[in-house]
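See structure below.
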Amino acid sequence: MAKLPILEFPDERLRTKAVAVETVDDEVRQLVDDMLETMYDARGIGLAATQIDVHRRVVVMDVSDDNSQPLVLINPRYEPMGEEKEPLSEGCLSIPEYYAEVPRFLKVKLNALDRNGEPYELEADGLLAHCIQHEYDHLEGVLFVDYLSSLKRDRVMRKMQKRHKLMQDA
Ligand code: GNR
Ligand code: NI
């Protein structure tokens, strides 16, 4: 397994739209394993392949407290269950140390392939539902700061540029 570097906003590669996986083979399973290791190491609850500069429709998640429930989403699709939305404070491994409330569908029905290429369906609410929508957005090149006002987004941009400069100088 390998831990992979995570792209950070405003890196333009985060804007790439990912392509569907045609066959879930050993290479895809290796990618999944590397992504899980990277996500757990970074203490995130989700990671999209886009974030490690692999532009294929692969996501890993684990919203459990003890890293005991890894979820693999290959070619995920979701439908909102009802129109209700709720705001929840989100963070993103590609935008470290920044959190903001984002309204998302309260409940969604997920369809995806698992690490064996088997299709499954899952009904989710709460944090899991938020995470599914957040990760799906990554595959489309969308970040949660896109939902904020341009004033806030510019502030985040400057904060991130400062961070990257500090890291470079160190
Ligand atoms: O670790 C993460 N926490 C989180 C909290 C609320 C809603 C979504 C997330 S996903 C995020 C990890 C990440 O950046 N995934 O792309
Ligand atoms: Ni994210």
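Points worth noting:
- Flag set for LEU113, criterion: open to solvent by less than 60 Å² (accessible area, probe 1.4 Å), more than 10 Å from ligand 1 (Cβ to nearest atom) and closer than 25 Å to HIS55 by Cα.
- Residues of segment 12-55 classified as in a helix (DSSP H, G or I) and not basic (Lys, Arg), total: 22
- Note on segment 109-137: among residues that are in a helix (DSSP H, G or I) and touching a helix residue (DSSP H, G or I) at 6+ places or on another chain (Cβ under 8 Å), the one that is farthest from GLU86 (Cα to Cα) is ASP137.
- Set ARG15, ARG57, ARG29, ARG43: member being under 20 Å from PRO119 (Cα atoms) and either open to solvent by less than 20 Å² (accessible area, probe 1.4 Å) or within 16 Å of ligand 2 (Cβ to nearest atom) (or both): ARG57
- Every residue from segment 129-169 that is surrounded by fewer than 16 Cβ atoms within 10 Å (Cβ to Cβ) and either among the acidic types (Asp, Glu) or within 15 Å of the chain's Cα centre (by Cα) (or both): GLU140, ASP146, ASP154, ASP169
- Among (1) under 16 Å from the mean Cα position of the chain (by Cα); (2) of a type in the set (A, V, I, L, M); (3) open to solvent by 40 Å² or more (accessible area, probe 1.4 Å), the one test that MET81 misses: (1)
- Tally of residues being away from ligand 1 (no atom under 11 Å from the Cβ), within 27 Å of ASP53 (Cα to Cα) and assigned to a strand (DSSP E or B) across segment 67-97: 10
The values are calculated or read from the model by the stated rules, or taken from the named source; none is laboratory data. From a predicted model like this one, the values you see are computed outputs, not experimental measurements. All Cβ positions, glycine included, derive from the backbone under ideal geometry; neighbour counts span all protein chains shown. Accessible surface areas use protein heavy atoms only, side chains included; no ligands, DNA or RNA. Shrake-Rupley method; radii C 1.70, N 1.55, O 1.52, S 1.80 Å.
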